[in-house]
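Participant: Structure in C-alpha cells, see below.
Derivation of every value follows stated rules applied to the coordinates shown; laboratory data play no part. In this text the structure is predicted, and so the values were computed from the model without any measurement. Because the Cβ atoms are built from the backbone with ideal geometry, glycine has one as well, and the counts that use them run over all protein chains shown.
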Amino acid sequence: MDKTSREIVYECFVELANEMNLNINPSDEIVMNRDTGFDSLGLVTFVLGLENRTGIEFDNYLSDIREATCLKDVIDLVESVINADK
C-alpha cells in the first residue's frame, strides 16, 4: 500500500464531507460527530471507504471507530489494523 493511514482516512473523510455538502478540510483534530457527517449513515459510508481503499474489513472495529473522538484516533486505529494485517 502506497498511501499512509492519514492519507487514507483523510480521503474517506473528504468523500463523506462532499457527499453531505459539508465544506470541512480534514485535520487530525476534526471531531467526529453529526456536524462533521458522522451519524450512522456517515459512519457506514466512511468505513466502506476505508475498506475499499485498504482491502481490509473493518467490521470488527466499528465500535472502536464509533468511539473515536477525532480523526487522529481513527488514523491510529487504521494504522494498527493495517500493520496487523501484514
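Participant: Amide H neighbours of residue 70 under 5 Å, at least 5 residues apart or on other chains, H built in the peptide plane: list them.
Facilitator: Those lying under 5 Å, H to H, from residue 70 are 32.
Participant: Within 10 Å of each residue's Cβ, count the other Cβ atoms and sort 32, 20 from fewest upward.
Facilitator: So the ranking, lowest neighbour count to highest, is 20, 32.
Participant: Within 11 Å, Cβ to Cβ, of residue 61, how many net charges do the neighbouring residues add up to if Lys/Arg are +1 and Asp/Glu are -1?
Facilitator: Summing Lys/Arg as +1 and Asp/Glu as -1 gives -4.
Participant: Working from the pairwise distances between different alpha carbons, so that the mean of 1/r is found and then inverted, what is segment 3-65's Kirkwood radius in Å? Numbers along the way, then the final one.
Facilitator: Values: mean 1/r = 0.0846 Å⁻¹.
Computed over segment 3-65, the radius equals 11.8 Å.
Participant: Long-range amide H contacts for residue 38: which residues qualify at under 5 Å (H placed 1.01 Å from N, peptide plane, sequence gap of 5 or more or a different chain)?
Facilitator: Long-range HN contacts for residue 38: 33.
Participant: Continuing with the same structure: Pick from 53, 34, 66 the residue whose mean-square fluctuation is largest in a GNM of the chain, springs joining Cα atoms under 10 Å.
Facilitator: 34
Participant: Now for a separate question. Take each of the peptides 21-30, 7-16, average the number of other beta-carbon atoms within 10 Å over its residues, and list them starting from the highest.
Facilitator: Averaged packing, sorted descending, gives the order 7-16, 21-30.
Participant: Taking only DSSP H segments of four or more residues, each worth -39500 (n - 2.57), what value at 222 nm results for the chain once the sum is divided by all its residues, to the nearest 500 deg cm²/dmol?
Facilitator: Calculated at 222 nm, the ellipticity per residue is -18500 deg cm²/dmol.
Participant: Sticking with this one: Just to confirm the number: angle between the C-alpha axis of helix 40-54 and the first principal axis of the chain, 0 to 90 degrees, nearest 10?
Facilitator: 40
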